[in-house]
Amino acid sequence: MHYNQKDLLKLAKRYQNSKRSYLLVNPLQAKHLAVSPEKSLAMMETFGKMLYQNHPEAKLIIGFAETATAIAAAAAVQFPEDACFLHTTREFLSGECLNFKEEHSHAVEQRLYLSGTLPETKEIILIDDEISTGKTIRNMVSQIRREIPAYQDAKFIAASVINRVSPENLKLLEQENIFCDCLCKLENMDYTSQVEHFQVSAPEELPFSENLPYQCIISRNRLPESRKLHTIQESRKEFQAFADCICSEIQPVLAGKKKILVLGTEECMFPALLLGKLLEQQGFTVRCHATTRSPIGICREETYPIQEGYALPSFYDPSRKTYIYNIDKTADAVLIVTDSKADTAQAMQHISILFPDSEKILIKGR
């Protein structure tokens, strides 16, 4: 299947970000915009199959948080079972990590918990949703080579759904043995002028209410900790077992319902898509997207992609603000899929305010 700019790119305006005024929004990514999980996973799997065809010797696949975690996981499971996968994170975990910066981001610090038994490989794939300059990639590769001597001479593949790296920056990457691969190559350009005329406002703050009803399911099949190294065999088995378990357990609750919204939480996106796809295959009308740490400007103009947005406490840290955009309040049921071990009560109370007439079910995978 072929994907082009029309399929993969909409432009929004970052809210009060002086580093970069625009945001590339992929309508098939299941992050900021709701989408059929089957359509979203089809794009990600096409990308993964292309990467495996082009780089069959790669034994380590690393995804970038926050927005590329699902893309990277779905792409990684197209590789043989002895390859390994993990993604970067902005969360604090136990153990040693590599630190690097994503300098244009709203949340600059990135961590890579690359430890344990590392695979022997001469080729490593780094997956992001979009690469514009390659600076973050270079920062990360520099850290990996400095800290892990076995990967000093490895070839790195900077893989992305969209690549708009200039010829000059491509040369800088190649000088460091980093080569690009992508699903869609676009011209290197600054989109500032295309969004500057939009008058945007902040996502809406919600009043807090206590004791709004929702259900909670803790999965018997736990999610893998994808922020740490797993083989593809382990990841594929555990992700699918989680989705199968929840899909079976939730059937009685969904009896008589038609429209289902499945929400991931920040870095936890792939499990929501897998569950959504199973429900879609059973005849439900399903849409998926996720909460995010990215503040995006809201504008009601017809050509602007983010027309509604709300702030809510993070599922991982109630003191941290996250956002959800373009919600469908007509959903019969809203399923929130998270791998958080933190107190999620405040976040769920805000979700309950947003979806007063929907069945609300928190699904915990860890």
- [ ] Within segment 145-190, count every residue that is modelled with pLDDT under 95 and among the β-branched types (V, I, T).
- [x] 1
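Of all residues in segment 216-266, how many are in a strand (DSSP E or B) and surrounded by 14 or more Cβ atoms within 10 Å (Cβ to Cβ)?
11
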- [ ] Quick one: which residue in L33, L28, L41, L23 is part of a strand (DSSP E or B) and under 16 Å from D129 (Cα atoms)?
- [x] L23
TODO: Quickly run through segment 8-57 and pick out the residues that are free of Cβ contacts under 8 Å to residues at least 60 places away in the same chain and more than 16 Å from the chain's Cα centre (by Cα).
DONE: S18, K49, Y52, Q53, P56
TODO: State the number of residues belonging to segment 81-101 that are crowded, with 17+ Cβ neighbours inside 10 Å and assigned to a strand (DSSP E or B).
DONE: 7
TODO: Find the residue count for segment 253-279, including only residues that are touching a strand residue (DSSP E or B) at 6+ places or on another chain (Cβ under 6 Å) and among the small types (G, A, S).
DONE: 3
- [ ] State all residues of segment 185-215 that are out of contact with any Phe, Trp or Tyr (no Cβ under 7 Å at 6 or more places or on another chain), among the hydroxyl-bearing types (S, T, Y) and over 26 Å from L335 (Cα atoms); if no residue qualifies, say none.
- [x] S193, S201
Task: Test set (1) more than 30 Å from T338 (Cα to Cα); (2) under 21 Å from the mean Cα position of the chain (by Cα) - L93 fails condition number - done: (1)
Task: Failed criterion for A159 (all others in (1) in the same structural domain as R111 (by TED's automatic domain parsing); (2) of a type in the set (G, A, S); (3) not in a strand (DSSP E or B) hold) - done: (3)
Task: Subset of segment 135-156 that is part of a helix (DSSP H, G or I) and basic (K, R) - its residue that is surrounded by the most Cβ atoms within 10 Å (Cβ to Cβ) - done: R138
- [ ] Give I61, I131, I71, I125 a once-over and let me know the one that is surrounded by 23 or more Cβ atoms within 10 Å (Cβ to Cβ), under 29 Å from H2 (Cα atoms) and free of Cβ contacts under 8 Å to residues at least 60 places away in the same chain.
- [x] I131
Open item on the list: Here is a check on your reading of the model: is I127 within 19 Å of C84 (Cα to Cα), part of a strand (DSSP E or B), at pLDDT 95 or above and within 21 Å of the chain's Cα centre (by Cα)?
Closed with: yes
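Scan segment 267-281 residue by residue and report those that are assigned to a loop (DSSP other than H, G, I, E, B) and either in contact with a Phe, Trp or Tyr (Cβ under 8 Å, 6 or more places away or on another chain) or aliphatic (A, V, I, L, M) (or both).
Answer for segment 267-281, where residues must be assigned to a loop (DSSP other than H, G, I, E, B) and either in contact with a Phe, Trp or Tyr (Cβ under 8 Å, 6 or more places away or on another chain) or aliphatic (A, V, I, L, M) (or both): just M269.
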Task: Subset of segment 183-202 (residues that are surrounded by 13 or more Cβ atoms within 10 Å (Cβ to Cβ) and without any contact (Cβ under 8 Å) to a residue 40 or more places away in the chain) - done: K185
Open item on the list: Anything in segment 308-360 that is within 27 Å of C245 (Cα to Cα), within 21 Å of the chain's Cα centre (by Cα) and β-branched (V, I, T)? List them, or say none.
Closed with: I324, I327, V334, I336, V337, T338, T344, I351
Open item on the list: Restricting to segment 22-51, count the residues that are surrounded by 20 or more Cβ atoms within 10 Å (Cβ to Cβ) and farther than 30 Å from T285 by Cβ.
Closed with: 1
TODO: Go through (1) under 20 Å from E267 (Cβ atoms); (2) more than 22 Å from the chain's Cα centre (by Cα) and name the single condition K364 misses.
DONE: (2)
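The values are calculated or read from the model by the stated rules, or taken from the named source; none is laboratory data. These numbers come from a predicted model, not from an experiment. Here the Cβ is made from the backbone with ideal geometry for all residues, glycine too, and neighbour counts use every protein chain on show.
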